[in-house]
Amino acid sequence: MSHASIVFIALGTGDQFTWRDFEVHYRALIDYTLGRGVLPVLVTKADTLESLEGGAEPGYINSVIRRPGQEYGVPVLDFSLAVRDLPNGGLLPNGGHDFHLNAAGIGRHILATLQTLYVVLYP
């Protein structure tokens, strides 16, 4: 049993081929956490596999993640923006189908997560 008050929801990369169903499942997670009195922090992703491999419009999953953040009024850690200035967007090069974070991406992820947690706890 958990007594968490905050949960970071970071999903999406594995959904490059099932991106059409991503939003309904993602919203169910948000509803589930809110229904238990837990604050979800929504986290965008650095890659665009759903576009490169699955045929989705560019940035589709990140737009799905941002939209409920605004609608529900919950925090969004926009990780895709946080790594935009890093070489290869913070991803290991894998022939254009990159999704694993490189060392700089991992460092930025840790820092952005801690900064977001601080802002949520001490507004």
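Using just the helices of the chain, give the 222 nm mean residue ellipticity in deg cm²/dmol: DSSP H runs with n ≥ 4 each add -39,500 (n - 2.57), and the total is spread over all residues, rounded to 500. Calculated at 222 nm, the ellipticity per residue is -13000 deg cm²/dmol. Given R₀ = 30 Å, FRET efficiency for LEU117-LEU81 by Cβ-Cβ distance, to 0.05? With a Förster radius of 30 Å, E is 0.95.
Spin-label model, ARG36 to ALA4: label points 7 Å out along the Cα-to-beta-carbon direction sit 0.8 nm apart.
Only one of (1) 54; (2) 44; (3) 48 was calculated from the structure for percent of Cα pairs over 20 Å apart, and its label is (2).
Where a number appears in this text, it was derived from the coordinates with a stated rule and is not lab data. Because the structure is a prediction, the values reported are computed rather than measured. When we count neighbours, we look across all protein chains shown, and the Cβ atoms used for this are built from the backbone with ideal geometry, even at glycine.
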